[in-house]
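This report refers to the structure that appears directly beneath it.
The values are calculated or read from the model by the stated rules, or taken from the named source; none is laboratory data. Just so it is clear, the model here is predicted, and its values are computed rather than measured. Neighbour counts run over all protein chains shown; Cβ positions are idealised from the backbone, glycine included. Heavy atoms of the whole protein, side chains included, go into the accessibility calculation; ligands, DNA and RNA do not. Shrake-Rupley method; radii C 1.70, N 1.55, O 1.52, S 1.80 Å.
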Amino acid sequence: MELRGTMQVNSSGHLVIGGCDTTELAAQFGTPLYVIDEVLVRQMAQRYQQSLKQHYPSSAVAYAGKASLTMAMCKIVESEGLSLDVVSGGELYTAVQAGFPMERVFFHGNNKSRSELELALTHGVGRIVVDNYYELEFLQQLADEWGQDVDILLRITPGVEAHTHTYIQTGQIDSKFGFGLADGAALTAVRRALAAPRLNLRGVHCHIGSQIFDITSFGLAVRMMMEFIKRVSQEVGWQLEELDLGGGLGIRYNNEDSPVGPEQLAKLLAEAVHQAAKELDVHLPALIVEPGRSIVGEAGTTLYTVGSSKDIPNIRRYVAVDGGMGDNPRVALYQAKYEAAVANRMQDQGRRKVSIAGKCCESGDMLLHDIELPELIPGDILAVFSTGAYNYSMASNYNRLPRPAMVLVADGAADIIVARESYQDLLRNDRIPERLMQGAVANSARKE
């Protein structure tokens, strides 16, 4: 197992992240606990910024907030000079409350509501990425009502199938997202956008999928998008100024994964855009990428406390922890595979094959299948790695389990950036209708 970011093992054999002993973090903040390595987040943001600017100066990096968004993350993203990609009113509101510069916000989503779009207009987001004809017409109506011009991008479905899990492929023809190239919808959308007096069409966007290792798919997407830019110029007489290629770069979840770094991706994208521009005789657009998972994914570690165990002779040994699919649904959704270690006994050499089960009332609530670990005993702290993306952001209260706390660690300091939910938090929005209260009182009186 390879340590990530600032991870170290101290003289006590404990896992240390950001200068903080994880066993002390577990004791202080409880488990399950999301731990975010601030230095690694910043390093990945800087690698994207520097490599893209080196190969393509007219470019921008927008952090994809859906991977993991908190107000603290907004402040990190802002301080590193990145833009921000949001996909809902809740994510946009988080950015607003964090004081993020709205001109650096890209607002995505395939079914934005009136209230969400009005929130975007109120705060003047930099770009609204229009996904379909309905939204195009609806946004124009709102812009007229508000007397406000709106800068937009159109989301295009290029027909590129990235080699990844089918649930996180988004660029293929059969997708709920965007205007298709093959059926002519994209060109029709351009014409309609240009005819809308309050909408300023700045460019086009595509996203081919997530957790991608074969970056040749990005090269194919660039070619198709640049050919579309050429077609728009020829048939409509309009120069699209911006090309947003989304995100999707994969990370290392386990030793089977071989991720590509931002440097290789930036080089490929820049070369592909320059080559297509030269061959097609079109101008160079400003280039935008939207990484999320590859910035925050490996910076996250989740700590659990080991509890019960169960041996099924000649079949499997189950060991349960105090979290599970409520804080990490990716195993159930995508059959995701993780690496893990016993944080309080990192130097223990003994090994036994176990499967780590969660505490939800579901047979499918598993975190790890058949992993080799030291003999686990109740009270051990299990660290599961690469949980920074799509864990907290997809967490739920299934079985009425409170969602975990999140701490940001750096230089030996640990700060809570998401407080642990309490049982009171779970009931905050519950209401009992008066008629049920009266019925309960009446039934009680009859029994007496």
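State whether one or more residues within the range 320-336 are crowded, with 18+ Cβ neighbours inside 10 Å, in contact with a helix residue (DSSP H, G or I) (Cβ under 8 Å, 6 or more places away or on another chain) and hydroxyl-bearing (Ser, Thr, Tyr). The answer is no, given that none of the residues of the range 320-336 is crowded, with 18+ Cβ neighbours inside 10 Å, in contact with a helix residue (DSSP H, G or I) (Cβ under 8 Å, 6 or more places away or on another chain) and hydroxyl-bearing (Ser, Thr, Tyr). The set of residues in the range 214-263 being among the hydrophobic types (A, V, I, L, M, F, W, C), farther than 18 Å from residue 181 by Cα and out of contact with any Ser or Thr (no Cβ under 6 Å at 6 or more places or on another chain) consists of 215, 260.
Where strands (runs of 3 or more DSSP E) fall entirely within the range 270-337, those with at least 2 residues that are in contact with an Asp or Glu (Cβ under 9 Å, 6 or more places away or on another chain) and over 25 Å from residue 41 (Cα atoms) are at 300-312, 316-321. Residues that are open to solvent by 20 Å² or more (accessible area, probe 1.4 Å) and closer than 19 Å to residue 317 by Cβ number at least 2 in the following strands (runs of 3 or more DSSP E) confined to the range 348-448: 352-357, 366-373.
Look at the range 62-83: where a residue is touching a residue at least 60 places away in the same chain (Cβ under 8 Å) and over 18 Å from residue 393 (Cα atoms) and a partner is open to solvent by 10 Å² or more (accessible area, probe 1.4 Å) and not small (Gly, Ala, Ser), sitting 6+ places away or on another chain with Cβ atoms under 6 Å, you get 83/104. If the condition is being open to solvent by 70 Å² or more (accessible area, probe 1.4 Å), under 14 Å from residue 59 (Cα atoms) and not charged (D, E, K, R), then the range 247-285 contributes 274, 284. Every listed requirement among (1) farther than 30 Å from residue 38 by Cα; (2) in contact (Cβ under 8 Å) with a residue 24 or more places away in the chain is met by residue 214 save one, (1).
Scanning the range 292-316 for residues that are surrounded by fewer than 19 Cβ atoms within 10 Å (Cβ to Cβ), out of contact with any Leu (no Cβ under 9 Å at 6 or more places or on another chain) and not aliphatic (A, V, I, L, M) gives 307, 308, 310, 311, 313, 314, 316. Within the range 234-252, the set of residues being touching a helix residue (DSSP H, G or I) at 6+ places or on another chain (Cβ under 9 Å) and not in a strand (DSSP E or B) comprises 235, 236, 238, 239, 240, 245, 246, 247, 248, 250, 251. Residues in the range 231-246 that are surrounded by fewer than 18 Cβ atoms within 10 Å (Cβ to Cβ) and out of contact with any His (no Cβ under 9 Å at 6 or more places or on another chain): 6 in all. The residue pairs whose first member lies in the range 271-298 and is in contact (Cβ under 8 Å) with a residue 40 or more places away in the chain and on the phi < 0 side of the Ramachandran plot, whose second member is among the β-branched types (Val, Ile, Thr) and not in a helix (DSSP H, G or I), and whose beta carbons are closer than 7 Å, counting only pairs six or more residues apart or on different chains, are 289/61; 291/61; 293/251; 294/251; 297/251; 298/251.
The residue list 140, 148 contains one member that is more than 29 Å from residue 227 (Cβ to Cβ) and at pLDDT 95 or above, which is 148.
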